[in-house]
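Student: Quick one: this structure, given as structure tokens, is what I'll be asking you about.
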Amino acid sequence: MTTDYQIAAGLDVHKRFIVATILWTNGSKFQEKFDRTVQGLLALKNWILQNKCQVVACESTSDYWIQIYDSLIDHLPVIVGNAHDIKVLSHKKTDKIDSEIIALLALKGMIEPSRVFSRHHRDFRKLVRLRHFLVKKRTDIKNRIHGILDTELFHLSETLTDIFGVSGRLIMIGILQGDPADKIIKQIPWKVLNKKEPEIRNLLEQSLSQNALIQLGHCLRVMMKLDEEIGLLTKYVIHYAHTNYPRKVEILKSVPGVGDITAVTLIAEIDNFKDFSSSDKLASWLGIVPKVYQSADHQVKRSITKRGSKLGRWILTQAAHAAAKKKKSVLRDFYEAKKPVIGTGKAIIALARKMITIIWHLIVNDETYVDVYAQPKKQVKYHNVRIPVAYTLEEALKLLSDTIKEMKKPDPDPI
């Protein structure tokens, strides 16, 4: 941030092309436009190196910057800046002005570099994000199935807790195949039938329209294919995390509410926790801290900033929901104490902030989480009465009986 350069290049990166500006401290500048192709990137690289640039800067626009970063980082510093921060500083209007302003900010060392992960970790993070993307699509398909059934007044969700469980899938597949009600019911697990058989029979007396059956069939097939792909991705990313980050996974899973998927996602999104000098810095990077407006002695805190990794913030919030439901946990006690004061939603966010603070301390200090409730209780000491070997058991009982009789006698009157 404090380094001043003599020659800087600013890149305005788009999906199909790149607008580049080379700027000198005396005000001279060159501008060129390059196609975002292999040949275009090679031409951009040669152009920058021939003009002896000392630094290159660009915005973190989608993943379009990655190839540029990888091709130039071995030759000169490459600054990947937060697009929101650069926009605030530049007030840009056109592509040429964009690249010129970025070059000027880089020339004066005014761009805060973003964290850039290694190539291997970026690939791992892409797989984790792909899994999350597929899960979201599967959720969309499930919501569509709910809509199809509700439109036909086929209220399967009111009969079964989860219509996509074993029983729900058997019912929907049986309906699509045109099976009679008795055949469908025979396939349903007996535990469900014991409680729900009359409701299921009443439901199977209804029929779906031909259009609804077509939609339901397509949605079920897509959902099952997504289940298969998500399962394969899940196994791979969990295996990768356990192989490459075994200690981090162990520490993360020791925290209430954190399972394999949460641990893998946090590792993929954060990578090296020690990059942050404090837990507050990590919470700020995840965008889970409040916006602060301060003027003189007046300070106002508003909603969270929501900057940084959206997926990391979301998975942390889901972990907070799980931790809030865990019985006999300090984290649940914290949530229950906050809930009446600030409400359910804010209490969950506060718990997520507390959890990432705890996680940072645990990983930095290489410790696992130990809940107060999980600590062993003090053992009760029992006093044993030892009978001398000289006495038999009968003699000891008689002696005890005589002693009790003597103790029950009234005290003699005082003299």
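Throughout, read-outs are computed from the coordinates displayed, never taken from laboratory work. Note that the coordinates shown come from a computational prediction; the quantities given were computed from them, not determined experimentally. Cβ: placed from backbone, ideal geometry, glycine included. Neighbour counts: every protein chain shown.
Student: Report, ordered by chain and residue number, the lysines lying within cross-link reach of LYS339, taken as a straight Cα distance under 20 Å and ignoring same-chain residues fewer than 8 apart.
Tutor: Counting by Cα, and skipping residues close in sequence, LYS339 has these lysines nearby: LYS301, LYS325, LYS326, LYS327, LYS328, LYS354.
Student: Treat each spin label as a single point 7 Å out from the Cα along the C-beta direction, and report the TRP47 to LYS306 distance in nm.
Tutor: 3.7 nm
Student: Please work out how much length the chain gains when fully extended from THR317 to LYS191, using 0.36 nm per residue of separation minus the C-alpha to C-alpha distance, in nm with one decimal. Working shown, then result.
Tutor: Numbers: separation 126, 0.36 × 126 = 45.36 nm, distance 3.39 nm.
Difference between extended and current length: 42.0 nm.
Student: Per-residue counts of other Cβ atoms within 10 Å, averaged by peptide: what ranking do you get for 19-26, 215-222, 4-11, highest first?
Tutor: 4-11, 19-26, 215-222
Student: Sticking with this structure for a sec: Can you list the aspartates and glutamates whose alpha carbon is less than 17 Å from that of LYS291, not counting same-chain residues fewer than 8 positions off?
Tutor: Within the straight-line limit of under 17 Å, LYS291 reaches these aspartates and glutamates: ASP85, ASP280.
Student: With the Cα gyration tensor of the stretch 7-107 giving a ≥ b ≥ c as the square roots of its eigenvalues, does the rule (a/c under 1.5 for rounded; else a/b larger than b/c for prolate; else oblate) give rounded, prolate or oblate?
Tutor: Numbers: a/c = 1.39, a/b = 1.10, b/c = 1.27.
It comes out rounded by the Cα gyration axes.
Student: Between ILE79 and residues 5 or more places away or on another chain, which pairs have amide H atoms under 5 Å apart, with H built 1.01 Å from N, and which residues are they?
Tutor: Under 5 Å from the amide H of ILE79 lie the amide H atoms of VAL56, ALA57, CYS58, each far enough along the sequence or on another chain.
Student: Here are some pairs, LYS191/LYS225; LYS33/LYS126; LYS29/LYS126; LYS142/LYS346; LYS45/LYS136; which of them have Cα atoms lying more than 31 Å apart in this structure?
Tutor: Details: LYS191/LYS225 28 Å; LYS33/LYS126 29 Å; LYS29/LYS126 37 Å; LYS142/LYS346 29 Å; LYS45/LYS136 38 Å.
Where the Cα-Cα span goes over 31 Å, the pairs concerned are LYS29/LYS126; LYS45/LYS136.
Student: Give, in nm to one decimal, the length gained when the segment between LYS325 and SER209 is fully stretched (0.36 nm per residue of separation minus the Cα-Cα distance). Let's see the in-between values first.
Tutor: Values: separation 116, 0.36 × 116 = 41.76 nm, distance 4.13 nm.
That pair, LYS325 and SER209, stretches by 37.6 nm at full extension.
Student: Let me ask something else. Among 398-405, 343-350, 190-197, what's the highest-first ranking by average C-beta atoms within 10 angstrom per residue?
Tutor: Highest to lowest by the protection proxy: 343-350, 190-197, 398-405.
Student: Shifting gears a bit: Full-extension gain between ASP366 and ASN26, please, as 0.36 nm times their residue separation minus the C-alpha to C-alpha distance.
Tutor: So the extension gain works out to 117.3 nm.
Student: Identify which of MET223, MET355, MET172 has the largest mean-square fluctuation in a Gaussian network model of the chain, with springs joining Cα atoms closer than 10 Å.
Tutor: MET172
Student: Here's something else I'd like to know. State whether the stretch 246-372 is rounded, prolate or oblate according to the following rule on the C-alpha gyration tensor (a ≥ b ≥ c being the square roots of its eigenvalues): a/c under 1.5 gives rounded; otherwise a/b larger than b/c gives prolate, and the remaining case gives oblate.
Tutor: oblate
Student: List residues of the stretch 22-52, by number, whose backbone nitrogen lies under 16 Å from a label position 7 Å along Cα→C-beta of ILE66.
Tutor: Answer for the stretch 22-52: 37-38.
Student: Also: Report the charge-dipole magnitude of the stretch 216-357 in Debye, nearest 20, computed about the Cα centre from +1 at each Lys and Arg Cβ and -1 at each Asp and Glu Cβ.
Tutor: With only Lys, Arg, Asp and Glu charged at Cβ, the dipole is about 480 debye.
Student: How large is ³J(HN,Hα), in whole Hz, for each residue of the stretch 330-339 in order, when computed from phi with the Karplus curve 6.51 cos²θ - 1.76 cosθ + 1.60 and θ = phi - 60°, using x for Gly and Pro?
Tutor: Ordered by residue, 3J(HN,Hα) equals 4, 5, 5, 4, 4, 4, 5, 6, 7, 4 Hz.
Student: Turning to a different aspect of this structure: Using the alpha-carbon centroid of each, what span in Å lies between the stretch 276-330 and the stretch 167-229?
Tutor: 43 Å
Student: Between GLU112 and SER277, how many nm apart are label points set 7 Å from Cα along the C-beta direction?
Tutor: Output for this residue pair reads 1.3 nm.
Student: Something else now. Rounded, prolate or oblate for the chain? Axes are the square roots of the Cα gyration tensor eigenvalues, ordered a ≥ b ≥ c, and the cut-off for rounded is a/c under 1.5.
Tutor: The shape class here is oblate.
Student: Using the Cα centre as the reference, give the magnitude of the dipole from point charges on the C-beta atoms of the stretch 120-244 (Lys, Arg: +1; Asp, Glu: -1; all else neutral), rounded to the nearest 20 debye.
Tutor: In debye, rounded to 20, the stretch 120-244 gives about 760.
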